[in-house]
Amino acid sequence: MKPPCIMVVAGEASGDLLAAELVRSLRAESARQPLRPTRDGQPLHTELEPRFFGAGGRHMRDAGVELAIELTRSTVFGITGVIRHYFKFLRYRQQLLQVAVRRQPDVLIGVDYSGFNRSLAAAVCRHVRGQSPAFGNWNPRIVQFVSPQVWASRESRVYQLQRDYDLILSIFPFEKPWYAEHAPRVRVEFVGHFMVDRYPEGQQLRQDRPRPVGSEARILLLPGSRKSELARHLPTLVAAARRILTQRKAVFTLVLPNEELRSGFATLIHQSGVDINTQIGRLHDALAASDVAIASSGTVTLECAWFGLPTVVLYKLSPFEYEIGRRIVKVPYIAMPNLLAGEPVFPEFIQHQATPENLANATLRLLSDESLRAETRRKVNRAVATLGAPGSCRRAAQAVLSLLRNGS
């Protein structure tokens with residue numbers, strides 16, 4: 001009996017890490033599967049470790065995935081980035097389709113990176129439907145780990161998901177009932193959020209750690225993880241820091257994902273006139289040590305909420321992307337903690353509202369009003385409590401293996 005063959009595709013650094021965690025869980029859960037003896041006493045299922053191949057980055061390679069393409073090296077963001085590199089990603093999709101047809105995996109798992117993965121899934125399904133019955137019986141299961149945010153914009157994408165996917169692994173609690181209402185034929189399993197496993201200390205800090213505001217406030221600056229985000233956000237954050245210092249003493253910590261970004265924006269930081277401590281990585285240490293954060297909208301706002309850190313949220317886009325976004329986005333908030341809470345627990349400032357004055361005033365209010373800070377912590381604690389128990393990737397792996405055993 002051949003071992004399960006699993007194709008995994010991730011296209012961003014965050015997805016690469018999550019895919020590696022899923023691969024390790026799949027390997028562990030596969031080893032725990034019970035043996036099912038046949039009539040002749042031989043096991044129908046033997047201890048055959050799954051084989052993994054696909055596209056991603058160094059985390060997946062370290063987890064034992066054979067990479068056909070280093071997809072994380074070619075990550076682009078935003079509508080303009082997708083348009084500019086359209087033909088390159090069309091070529092990548094064709095390469096991965098050819099690899100899939102040649103190796104015929106039992107299951108194809110897309111991890112986040114929903115635009116590319118939806119396109120690849122559709123291409124695989126078209127190939128399967130076009131097979132000659134006499135020569136082809138390959139019919140892989142198609143899985144997406146981390147649902148596309150179809151509930152936020154472009155709802156019509158859900159019909160493609162319903163057509164092509166056998167299973168969607170959701171990390172937010174409201175997604176499964178949304179799918180049940182809008183696309184009841186697609187199977188969705190809420191497995192919980194992977195952050196719960198990555199930062200177990202955050203829960204203890206939310207419960208036990210006091211957040212005194214002394215004479216010197218500790219303010220965390222989180223402008224984003226991409227060069228384009230820093231170019232748009234960092235000048236505004238620096239100007240907001242200068243305004244804050246006119247009102248009270250404060251120390252500022254800027255967390256960036258890599259040395260390249262730090263060196264690229266070193267001149268701006270040096271010329272700001274603000275003493276900003278810049279560190280690479282170790283985000284959870286900074287979250288635990290700060291009184292307030294000013295953060296770009298994204299996953300990091302959920303991490304701020306997980307650590308019980310009151311946060312002011314901003315986001316800026318190019319004028320072209322903003323005009324498109326404001327027409328297609330249907331949700332009332334951009335920060336996930338606010339969506340989970342159903343109210344603006346973290347103040348949000350988007351595009352023209354994201355001014356140094358607005359960011360500074362909101363931050364100073366959080367620093368000076370202890371009752372507001374306490375209320376903010378209570379509300380975000382309730383919101384992140386909905387993210388599920390530890391074991392997100394383990395439950396995801398169990399759902400995938402169940403799909404392989406039992407079919408769609």
Honestly region 108-204 on the Cα gyration tensor test (a ≥ b ≥ c root eigenvalues; a/c under 1.5 rounded, otherwise a/b vs b/c for prolate or oblate) is just prolate
Restricting the count to DSSP beta bridges whose residues both fall in the chain, what percent are antiparallel, rounded to a multiple of 5?
5 percent
Using a Gaussian network model of the chain whose springs link C-alpha atoms within less than 10 Å, name the residue from 21, 181, 155 with the highest mean-square fluctuation.
181
Given backbone amide H placed at 1.01 Å from N, residues whose amide H is under 5 Å from that of residue 153, ignoring those fewer than 5 places away on the same chain, are 330
Under the Karplus curve 6.51 cos²θ - 1.76 cosθ + 1.60, θ = phi - 60°, whole-Hz ³J(HN,Hα) for region 295-304, x wherever Gly or Pro sits:
9, 5, 4, x, 4, 5, 5, 5, 5, 4
Return the single residue from 56, 391, 115 with maximal mean-square fluctuation; model: Gaussian network over the chain, springs between Cα atoms under 10 Å.
115
Karplus ³J(HN,Hα) for region 9-25 (6.51 cos²θ - 1.76 cosθ + 1.60, θ = phi - 60°; Hz, whole; x = Gly/Pro) runs 10, 9, x, 10, 4, 5, x, 4, 5, 5, 4, 4, 5, 5, 4, 5, 5
Using amide H atoms built in the peptide plane, which far-off residues or other-chain residues are under 5 Å from residue 145 H to H?
110, 111, 112, 169
Cα gyration tensor category, rounded, prolate or oblate, for region 200-387 with a/c compared to 1.5:
rounded
On full extension of the chain, what length is gained from residue 95 through residue 271, given 0.36 nm per residue of separation minus the C-alpha to C-alpha distance?
58.7 nm
Percent relative contact order of the chain, based on C-alpha pairs within less than 8 angstrom and at least six residues apart?
16 percent
Can you bin region 344-388 into rounded, prolate or oblate? Criterion: square roots of the alpha carbon gyration tensor eigenvalues sorted a ≥ b ≥ c, rounded for a/c under 1.5, prolate for a/b above b/c, oblate for the rest.
oblate
Could you point to the residue in 219, 320, 276 farthest towards the positive end of region 200-387's charge dipole, with +1 and -1 charges on the Cβ of Lys/Arg and Asp/Glu respectively?
320
Order of 125, 393 - criterion: other Cβ atoms within 10 Å of each residue's Cβ, fewest first:
125, 393
How high is the relative contact order of region 200-387, in percent, with contacts defined as C-alpha pairs under 8 Å that are six or more residues apart?
25 percent
In order over region 332-342: 3J(HN,Hα) from phi, Karplus 6.51/-1.76/1.60, θ = phi - 60°, whole Hz, x for each Gly or Pro, gives x, 9, 9, 8, 4, x, 5, 5, 5, 7, x
Neighbour-count order for 59, 284, fewest beta carbons within 10 angstrom listed first:
284, 59
Of (i) 0.98; (ii) 1.00; (iii) 0.94, which is the value of Rg/Rh (Cα atoms, Kirkwood Rh) derived from the coordinates here?
(ii)
Taking the alpha-carbon distance from residue 88 and a cut-off under 24 Å, which lysines remain once sequence neighbours fewer than 8 residues away in the same chain are dropped?
227
What's the exposure ranking of 186, 146, 101, going from fewest to most Cβ atoms within 10 Å?
101, 186, 146
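Since every read-out is calculated from the coordinates, none of them should be taken as a lab result. Since the model is a prediction, treat every value here as computed from it, not as a measurement. All Cβ positions, even for glycine, are placed from backbone atoms using ideal geometry, and neighbour counts span all protein chains on display.
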